[in-house]
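Novice: Supplied in structure tokens, the structure appears directly below.
The values are calculated or read from the model by the stated rules, or taken from the named source; none is laboratory data. No experiment lies behind these values; they were computed from the predicted model shown. As a convention, Cβ positions derive from the backbone with ideal geometry for all residues, glycine included, and neighbour counts pool all protein chains shown. The accessibility values were calculated without ligands, DNA or RNA, using every heavy atom of the protein model including side chains. Shrake-Rupley method; radii C 1.70, N 1.55, O 1.52, S 1.80 Å.
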Amino acid sequence: LIYDSFAQYLVTEKGYDKGLLTLTPESLDFCRKGLVLDLEDGNFLKLAEDGTVLRASHGTRSMTSEEILEIYGRREWKHFSTVSGMLSRSAKYYLYDNYFDLPGALLCARVVDSLDQHDGQKKYDFWKDMVAAIQHNYKISAFKEDSGMFFPEVKNHPDKYLQRCPESVKKWLKQLKSSGKILLLITSSHSDYCRLLCEYILGNDFEEYFDIVITNALKPGFFSHTPNQRPFRTLENDEEQEALLSLDKPGWYSQGNAIHLYELLKKMTGKLDPKVVYFGDSMHSDIFPARHYSNWETVFILEELLGDKVTVPAETESEPLEKKGKYEGHQPKAPYTVSKQWGSFFMDRLPGLENAEETLVRTWSCKCISTYSTIAIPSLEAIADLPLDYRFTRFSSNISATAGYYPSPPRELLPSEESVTMK
């Protein structure tokens with residue numbers, strides 16, 4: 001749906017090739033977290049922890065080891081020092097690090113293919129059109145106005161796109177709350193879309209699960225901006241109201257910043273430095289900024305840990321066949337299975353120079369996990385049945401490079417753990 005929403009806009013509004021509208025399930029193998037798009041060259045890169053290019057494609061076409069060595073050599077990619085701090089989105093590159101973004105990666109790659117075919121150009125300037133497509137589909141007013149393709153479709157067929165929250169997770173949230181924990185929901189989605197999702201996923205009483213709900217949080221800015229750059233706002237009928245000078249009580253708010261939120265948490269807990277544990281699935285928007293700016297504990301939801309264990313949610317199993325067939329005939333592989341084109345999310349081989357031994361190295365994505373997360377888990381369900389006082393082993397425990405993965409580290413990291421040295 002995300003792919004179609006953007007492609008439709010590029011073709012109808014910006015005059016791009018109609019071929020972009022057709023999509024084969026196989027082409028989704030291209031979508032992999034942890035890729036960086038070099039906007040000027042139209043190249044996608046998979047980086048090692050030291051910034052060396054491990055694999056690359058021009059558009060959707062994989063580049064050979066020889067091409068990679070010729071263009072990038074065995075040295076740090078030129079923008080790596082800025083990207084490795086995760087602080088900047090840049091006009092020079094775009095980092096694909098969550099599933100919501102990934103269909104855009106495939107579309108950009110296919111745009112490069114089509115521009116090459118028609119114009120044979122060397123430098124690309126399609127990114128401004130991609131930004132316009134994102135803006136068109138996701139702008140704050142789009143949900144209310146039914147503009148773009150994305151929101152109207154999710155509104156009309158929530159059952160096609162959303163999975164209900166497992167009972168074990170709902171029970172776990174209630175246990176946390178009744179044990180005296182303060183529960184927050186912080187999302188960059190606007191309040192109207194957030195409500196649609198939460199009502200479908202958790203039920204109409206979803207607000208009872210949380211003490212504080214913050215929508216349109218515009219992460220990572222929520223963590224990096226100061227209170228006067230990004231004040232909290234109240235909401236009335238999903239319209240943002242005047243800016244608040246401080247946050248005085250729990251409730252539902254829009255925008256905001258982590259500093260004012262933390263002041264409120266101090267007030268609510270009566271503690272000088274309340275401990276916050278933040279769960280997120282985007283390294284760029286959640287895990288890195290929450291750790292770097294707020295020094296919160298971070299739990300990285302990393303579906304790649306499911307590897308080849310694909311789970312079927314209980315609800316779909318019991319559905320009558322005719323209902324199933326409607327959507328599930330040509331289901332693409334789960335996004336976290338290993339990509340043929342890009343290989344493992346965690347490890348890869350350095351392109352060997354002639355006759356040289358290939359060396360296995362950790363990817364940059366993998367390095368970020370152990371650097372910025374306290375622990376990494378495949379889903380909330382994986383921990384929902386544990387006692388609330390269960391003690392997890394952290395990444396920083398120095399026991400091993402893989403200590404923080406629960407319930408177990410990815411297979412690719414195990415056999416070679418001795419040879420993977422922590423920097």
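Novice: Looking at the stretch 271-284, can you tell me whether even one residue there is in the same structural domain as Ile212 (by the TED database), touching a helix residue (DSSP H, G or I) at 6+ places or on another chain (Cβ under 9 Å) and part of a helix (DSSP H, G or I)?
Specialist: no
Novice: Check Pro289 against each of (1) under 29 Å from the mean Cα position of the chain (by Cα); (2) open to solvent by 20 Å² or more (accessible area, probe 1.4 Å) and name the one condition it does not meet.
Specialist: (2)
Novice: Let me ask something additional. Filter the stretch 378-393 down to residues that are open to solvent by 90 Å² or more (accessible area, probe 1.4 Å) and part of a helix (DSSP H, G or I), then give me how many there are.
Specialist: Looking only at that region, the number is 1.
Novice: Lys170 - would you say it is touching a Leu at 6+ places or on another chain (Cβ under 7 Å), modelled with pLDDT of 95 or more and not assigned by the TED database to the domain that holds Cys31?
Specialist: For Lys170, the condition - touching a Leu at 6+ places or on another chain (Cβ under 7 Å), modelled with pLDDT of 95 or more and not assigned by the TED database to the domain that holds Cys31 - is met.
Novice: Only one residue in Tyr200, Tyr262 is part of a helix (DSSP H, G or I) and farther than 21 Å from Trp296 by Cβ. Which one?
Specialist: Tyr200
Novice: Restricting the stretch 394-412 to residues that are in contact with a Phe, Trp or Tyr (Cβ under 7 Å, 6 or more places away or on another chain) and either among the charged types (D, E, K, R) or under 27 Å from Ser178 (Cβ atoms) (or both), which is most open to solvent (accessible area, probe 1.4 Å)?
Specialist: The extreme case among them is Glu412.
Novice: Could you go through the stretch 27-44 and let me know if any residue there is without any contact (Cβ under 8 Å) to a residue 60 or more places away in the chain and under 22 Å from the mean Cα position of the chain (by Cα).
Specialist: For the stretch 27-44, residues without any contact (Cβ under 8 Å) to a residue 60 or more places away in the chain and under 22 Å from the mean Cα position of the chain (by Cα): present.
Novice: Can you name every one of the helices (runs of 4 or more DSSP H) wholly within the stretch 91-187 that holds 1 or more residues which are surrounded by fewer than 15 Cβ atoms within 10 Å (Cβ to Cβ) and within 21 Å of the chain's Cα centre (by Cα)?
Specialist: In the stretch 91-187, the matching helices (runs of 4 or more DSSP H) lie at 127-138, 158-161.
Novice: Here's something else I'd like to know. For the stretch 32-54, which positions are in contact with a Leu (Cβ under 9 Å, 6 or more places away or on another chain) and more than 15 Å from Leu95 (Cα to Cα)?
Specialist: Passing the criteria: Thr52, Leu54.
Novice: Shifting gears a bit: So Pro220 ticks every box in (1) surrounded by fewer than 16 Cβ atoms within 10 Å (Cβ to Cβ); (2) at pLDDT below 95 but one. Which box is left unticked?
Specialist: Result: Pro220 passes all but (1).
This table checks each residue for (1) at pLDDT 95 or above; (2) closer than 27 Å to Glu236 by Cα.
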{"position": "Lys266", "(1), (2)": "yes, yes"}
{"position": "Lys271", "(1), (2)": "yes, no"}
{"position": "His284", "(1), (2)": "no, no"}
{"position": "Ile287", "(1), (2)": "yes, no"}
{"position": "Trp296", "(1), (2)": "yes, no"}
{"position": "Glu303", "(1), (2)": "no, no"}
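Novice: On to the next question. Within the stretch 56-79, track down each residue that is in contact with a Gly (Cβ under 8 Å, 6 or more places away or on another chain), outside any loop (DSSP other than H, G, I, E, B) and under 20 Å from Phe126 (Cα atoms).
Specialist: Within the stretch 56-79, His58 is the sole residue that qualifies.
Novice: Of the numbered conditions (1) part of a loop (DSSP other than H, G, I, E, B); (2) surrounded by 16 or more Cβ atoms within 10 Å (Cβ to Cβ); (3) under 21 Å from the mean Cα position of the chain (by Cα), Tyr3 satisfies every one except a single condition; which is it?
Specialist: Status for Tyr3: all satisfied but (1).
Novice: Limited to the stretch 7-53, what total is found for residues that are among the aromatic types (Phe, Trp, Tyr), open to solvent by 10 Å² or more (accessible area, probe 1.4 Å) and in a helix (DSSP H, G or I)?
Specialist: So the answer is 1.
Novice: Another one. Which members of the stretch 254-275 meet the condition of being closer than 21 Å to Tyr193 by Cβ and open to solvent by 20 Å² or more (accessible area, probe 1.4 Å)?
Specialist: The one that is closer than 21 Å to Tyr193 by Cβ and open to solvent by 20 Å² or more (accessible area, probe 1.4 Å): Gln255.
Novice: For the stretch 383-413, which positions are of a type in the set (A, V, I, L, M) and touching a residue at least 60 places away in the same chain (Cβ under 8 Å)? Working first, answer last.
Specialist: At the first step, the residues of the stretch 383-413 found to be of a type in the set (A, V, I, L, M) are 383-384, 386, 388, 399, 401, 403, 413.
Answer for the stretch 383-413, where residues must be of a type in the set (A, V, I, L, M) and touching a residue at least 60 places away in the same chain (Cβ under 8 Å): Ile383, Ala384, Leu388, Leu413.
Novice: Which pairs turn up if I take residues in the stretch 251-267 that are within 16 Å of Ala290 (Cα to Cα) and small (Gly, Ala, Ser) and look for partners that are modelled with pLDDT of 95 or more and in a helix (DSSP H, G or I) with beta carbon separation below 8 Å, at least 6 apart in sequence or on another chain?
Specialist: Gly256/Phe222; Ala258/Phe222; Ala258/Phe223; Ala258/Ala290
Novice: Restricted to the stretch 69-90, and to residues that are more than 19 Å from Lys367 (Cα to Cα) and modelled with pLDDT of 90 or more, which residue is surrounded by the fewest Cβ atoms within 10 Å (Cβ to Cβ)?
Specialist: Step by step, filter the stretch 69-90, then rank; the result is Glu70.
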